[in-house]
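Notes follow once the structure below has been shown.
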Amino acid sequence: MSYVLGIDGGGTKTTGVIANERCEILAEITLGASNPNLVSERELLQLFSVMKEQFLQENMLAFHKVTHIFAGVSGAAHPHTKQTLEKLLRQVMPHISNITVDHDAIIALFAGTRGNPGIAQISGTGSVTFGMNSRGERGRVGGWGHFIGDKGSGYSIGHDALKAVFASYDGLASKTRLQDDLLHFFKESSLPSLIPHIYQTTNPKETIASITKLVMAAADKGDQVAKDIIANNGRHIGKSIATLNKKLFHQDEDNQELLPVVLVGGLFHRYDLFEESIQEELQWIERQTTLIKLSDPPVIGAVIAALASKRI
């Protein structure tokens with residue numbers, strides 16, 4: 001019996017699992033970041049080398065029986081980047097002849113649909129709406145980074161909160177309890193004192209995204225500004241799903257099956273706050289959708305993709 005290796009590579013951590021034909025995990029390793037936009041080739045080579053050594057320690061027999069690798073890696077959308085990552089993996093694991101690198105959105109989708117067509121709505125620190133239809137055609141909406149947009153993400157919600165609070169401070173917008181919540185969060189006594197926390201932090205995107213939990217808590221307590229921020233981002237998520245549905249699945253209008261939409265990312269830990277605004281946008285589309293909260297980790301999607309390529 002041969003096995004497959006699935007890899008979920010992100011900007012914070014990388015998970016690799018060896019699994020059999022029944023998707024049963026025989027070994028699992030978690031290491032640091034592998035997004036090629038954030039780490040160098042030398043660091044990636046080191047990470048894959050450490051992964052190999054740890055697999056050998058955890059289950060040497062299973063590792064030597066791996067025949068296929070599928071790696072879904074954040075930041076690996078460009079063909080040149082995929083080729084580079086494939087080259088590094090082959091360098092470290094030359095006994096494995098079948099290696100495929102793809103964007104991490106595809107494994108998030110497959111983890112929810114078990115390899116079938118559908119849409120993955122990823123809303124964590126950043127956001128992207130990704131899909132694949134029955135003809136294998138792919139599409140996306142958003143995912144262009146926080147400088148361009150990233151609406152429907154933790155960063156967007158935190159950014160909206162900061163804008164609302166400072167607009168209120170200037171007298172340009174409604175009052176919100178978020179001002180006191182932010183001061184408490186950053187341990188400051190005046191709003192202008194927050195500026196260094198935002199502009200001089202090592203990772204402003206992560207810092208701003210962390211404010212999302214304050215917005216959710218304020219919404220739970222009835223703060224209208226917080227509720228509006230969440231509703232606006234929820235509507236954007238719904239509109240993005242509806243737009244990609246129209247782009248990718250318009251030729252499948254005679255298909256009466258519900259289109260699966262896999263919800264991935266930290267925002268959906270509080271899906272209850274977003275459900276109404278998302279559904280507002282989805283109620284008008286021709287092909288009805290079914291929203292699936294991802295229960296398996298995305299790396300299972302990498303295993304499913306590896307098994308599919310093994311059977312071809």
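Each reported figure results from applying straightforward, stated rules to the coordinates on display, with no laboratory input. This is a predicted model, so every value here is computed, not measured. Please note: Cβ atoms are built from the backbone with ideal geometry, for glycine as well, and neighbour counts cover all protein chains shown.
Things to note:
- Since only Gln91, Ser277, Gly152 are under comparison, the one whose Cα sits farthest along the positive direction of the charge dipole of the chain, derived from C-beta charges on Lys, Arg, Asp and Glu, is Gln91.
- Calculated diffusion of region 112-212, Stokes-Einstein form, Kirkwood radius summed over Cα pairs, 37 °C and 0.692 mPa s, µm²/s: 213 µm²/s
- In this structure, the pairs whose alpha-carbon distance is over 22 Å, taken from Lys13/Lys239; Lys13/Lys187; Lys13/Lys227; Lys163/Lys187; Lys13/Lys82; Lys65/Lys293, are Lys13/Lys239; Lys13/Lys187; Lys13/Lys227; Lys65/Lys293.
- Charge tally for Lys187 (other residues, Cβ to Cβ under 13 Å; Lys, Arg +1; Asp, Glu -1): -3.
- All other residues whose Cβ lies under 11 angstrom from that of His197 are scored, Lys and Arg at +1 and Asp and Glu at -1, for a net of 0.
- Cα convex hull of the chain - mean projected area over all directions, nm²: 17.5 nm²
- Among Tyr271, Tyr199, sorting on how many other beta-carbon atoms sit within 10 Å of each Cβ, with the fewest leading, yields Tyr199, Tyr271.
- For the chain, the antiparallel share of DSSP beta bridges with both residues in that region comes to about 50%.
- The calculated 222 nm mean residue ellipticity attributable to helices in the chain amounts to -14500 deg cm²/dmol, summing -39500 (n - 2.57) over DSSP H runs of n ≥ 4 and dividing by all residues.
- DSSP-defined antiparallel bridges as percent of all bridges, region 1-127, nearest 5: 50 percent
- The calculated FRET efficiency for Lys293 paired with Leu183, based on their beta-carbon distance and R0 = 30 Å, is about 0.35.
- Cut-off 16 Å (backbone N to label point 7 Å along Cα→Cβ of Phe147), residues of region 21-47: 37-38
- Residues whose amide H lies under 5 Å from that of Ala173, counting only those 5 or more places away or on a different chain, are Ser168; hydrogens are built 1.01 Å from N in the peptide plane.
- GNM result for the chain, Cα springs below 10 Å: residue of Asn133, Asn37, Asn98 fluctuating most strongly: Asn37
- Rounded to the nearest whole Hz, the Karplus-based 3J(HN,Hα) values (6.51 cos²θ - 1.76 cosθ + 1.60, θ = phi - 60°) of region 192-207 follow the sequence x, 5, 6, 3, x, 5, 8, 8, 10, 6, 5, 10, x, 4, 5, 4, with x at glycine and proline.
- Computed log10 I(q)/I(0) for region 3-96 at 0.11, 0.23 Å⁻¹: -0.27, -1.21, from the Debye equation with unit scatterers placed on every C-alpha and solvent omitted.
- Beta bridges assigned by DSSP with both partners in region 115-294 are antiparallel in approximately 55 percent of cases.
- For region 126-146 versus region 45-76, the gap between their alpha-carbon centres in whole angstrom: 27 Å
- Listed residues Leu61, Ala209, Ser295: farthest to the positive end of the dipole of the chain (Cβ charges): Leu61
- Largest GNM mean-square fluctuation among Phe166, Phe48, Phe185, using the chain with Cα springs under 10 Å: Phe185.
- Applying the Karplus relation 6.51 cos²θ - 1.76 cosθ + 1.60 with θ = phi - 60° to region 139-146 yields 3J(HN,Hα) values of x, 8, 10, x, x, 9, x, 6 Hz, where x marks Gly and Pro.
- A cut-off of 5 Å between modelled amide H atoms, ignoring neighbours fewer than 5 places along the same chain, links Thr14 with Leu31, Gly32.
- Max-minus-min Cα coordinates of region 115-294 on each principal axis give 59, 32, 27 Å, with the largest extent listed first.
- Ile285-Asn37 pseudo-label distance in nm [points 7 Å out on the Cα-to-Cβ vector]: 2.4 nm
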